[in-house]
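Asker: I'd like to ask some things about the structure below.
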């Protein structure tokens, strides 16, 4: 992943640990103060939220621990691979799109970043400028021509 992606994961983890975790602990404490927790819906909801939060924290910690920063200066642009910015043209509609292929943790379609695990990215990997690739998407098969590969 990129250094920027790792930084975002660390910020998310920091927020969960320093802001979200204390807030849920407070909710649990307030629910306990209301009396019998065996039939306390607020307590049950807070404990469920705590469980989901702790699972998210564990996932982020694991992702950060196993993350590898990709040196963008060493990325090859002769074929499509992770961290490439790929410009493609839909051969049916002539619409042109530009995507950056990133790890699944950095994907953000609004920012033009698609996960390496998406059908489009999978279909483009290893291809060169000028190649036409049939991408299988839920609505069918779409032919795309690779117009440009950059960093």
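The values are calculated or read from the model by the stated rules, or taken from the named source; none is laboratory data. Keep in mind it's a predicted model, so treat the numbers as computed, not measured. A quick note on method: Cβ atoms are made from the backbone with ideal geometry, for glycine too, and the neighbour counts reach across all protein chains shown.
Asker: Out of all the residues in the stretch 87-124, which are surrounded by 14 or more Cβ atoms within 10 Å (Cβ to Cβ) and over 18 Å from the mean Cα position of the chain (by Cα)?
Answerer: 87, 88, 89, 90, 91, 97, 123, 124
Asker: Given the structure, is residue 45 modelled with pLDDT of 90 or more and assigned by TED's automatic domain parsing to the domain that holds residue 19?
Answerer: no
Asker: Which count do you get for residues in the stretch 112-151 that are touching a helix residue (DSSP H, G or I) at 6+ places or on another chain (Cβ under 8 Å) and in contact (Cβ under 8 Å) with a residue 60 or more places away in the chain?
Answerer: Here the count works out to 2.
Asker: With respect to residue 14, is the statement that it is surrounded by 11 or more Cβ atoms within 10 Å (Cβ to Cβ), closer than 30 Å to residue 114 by Cβ, outside the structural domain of residue 105 (by TED's automatic domain parsing) and without any contact (Cβ under 8 Å) to a residue 60 or more places away in the chain true?
Answerer: Considered against the rule, which asks whether it is surrounded by 11 or more Cβ atoms within 10 Å (Cβ to Cβ), closer than 30 Å to residue 114 by Cβ, outside the structural domain of residue 105 (by TED's automatic domain parsing) and without any contact (Cβ under 8 Å) to a residue 60 or more places away in the chain, residue 14 comes out as yes.
Asker: Let me ask something else about it. Applying the selection to the stretch 53-72, what residues are under 30 Å from residue 148 (Cα atoms) and free of Cβ contacts under 8 Å to residues at least 24 places away in the same chain?
Answerer: 71
Asker: Of the residues that make up the stretch 54-61, is at least one out of contact with any strand residue (DSSP E or B) (no Cβ under 8 Å at 6 or more places or on another chain), in the same structural domain as residue 27 (by TED's automatic domain parsing), over 22 Å from residue 4 (Cα atoms) and modelled with pLDDT of 95 or more?
Answerer: yes
Asker: For the stretch 86-151, list the strands (runs of 3 or more DSSP E) that sit wholly inside it and hold at least 3 residues that are more than 22 Å from residue 2 (Cβ to Cβ); which are they?
Answerer: Per the criteria, 132-137, 140-150.
Asker: Is it the case that residue 82 is touching a residue at least 12 places away in the same chain (Cβ under 8 Å), closer than 22 Å to residue 9 by Cβ and outside any loop (DSSP other than H, G, I, E, B)?
Answerer: Judged against the criteria, residue 82 is not a match.
Asker: Residue by residue through the stretch 7-59, note down the ones that are under 25 Å from residue 111 (Cα atoms) and out of contact with any helix residue (DSSP H, G or I) (no Cβ under 7 Å at 6 or more places or on another chain).
Answerer: Scanning the stretch 7-59 gives 7, 8, 11, 14, 15, 59.
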